[in-house]
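Take a look at the following structure, please.
Read the figures in this text as sums done on the coordinates, not as results from a lab. These figures come from a predicted structure and were not determined experimentally. Note that we place each Cβ from the backbone using ideal geometry, even for glycine, and neighbour counts take in every protein chain shown.
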């Protein structure tokens, strides 16, 4: 079942989501990336617009200009880890309700999401063509001198599929998968070591 969400998101709605839930978002999503956040920091942690309880997407869109309008050509998702250090400040200052990206965020970011009522929504890698079609319009662009890492205001419809990878309780799907992979690897390594010892003993028999 796909959970349909419409911005602005409330803390109550976000805290109902659980790791593994599949969601789609309609409404306003703000696009930003490394340079956007570095500039935000240099500006004294201030955006040119009200970002309270916003939904943000880690992206560096490919766009084209037509008159006074910007049109989306390809809006993919970038790896979130590079922006991880900005997650806690964003949540503390603006109560960002959802961050969309790929690759996951750190345990500290997961703790910050539990503290402030936010979620990390994983975008399927390689789905940029679908994602682009779900953008109805680029409504505004700020800090154009950072092109293409500006602050983008997207109006989206049924943006997804998105999966809750960190929920507002701090559960972190990427960390869980990594821990399980490590556990299985250790099991395989131990099993392989046992097999080698058995083979060595068998080979030593007269």
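Could you please find all residues in the range 100-110 being touching a helix residue (DSSP H, G or I) at 6+ places or on another chain (Cβ under 8 Å) and either in a helix (DSSP H, G or I) or closer than 19 Å to residue 61 by Cα (or both)?
Residues satisfying the conditions are 101, 102, 103, 107, 108, 109, 110.
Given the residues 76, 31, which is the only one that is closer than 18 Å to residue 136 by Cα, surrounded by 14 or more Cβ atoms within 10 Å (Cβ to Cβ) and touching a helix residue (DSSP H, G or I) at 6+ places or on another chain (Cβ under 7 Å)?
After ruling out the rest, the residue left standing is 76.
So residue 73 passes all but one of these: (1) in a helix (DSSP H, G or I); (2) closer than 23 Å to residue 25 by Cα. Which condition number does it fail?
(1)
Please determine whether any residue of the range 87-99 is more than 20 Å from residue 39 (Cβ to Cβ) and outside any strand (DSSP E or B).
Yes, that holds for at least one residue.
Quick check on the range 112-158: of everything there that is in a helix (DSSP H, G or I) and surrounded by 15 or more Cβ atoms within 10 Å (Cβ to Cβ), which residue is farthest from the chain's Cα centre (by Cα)?
My answer is 146.
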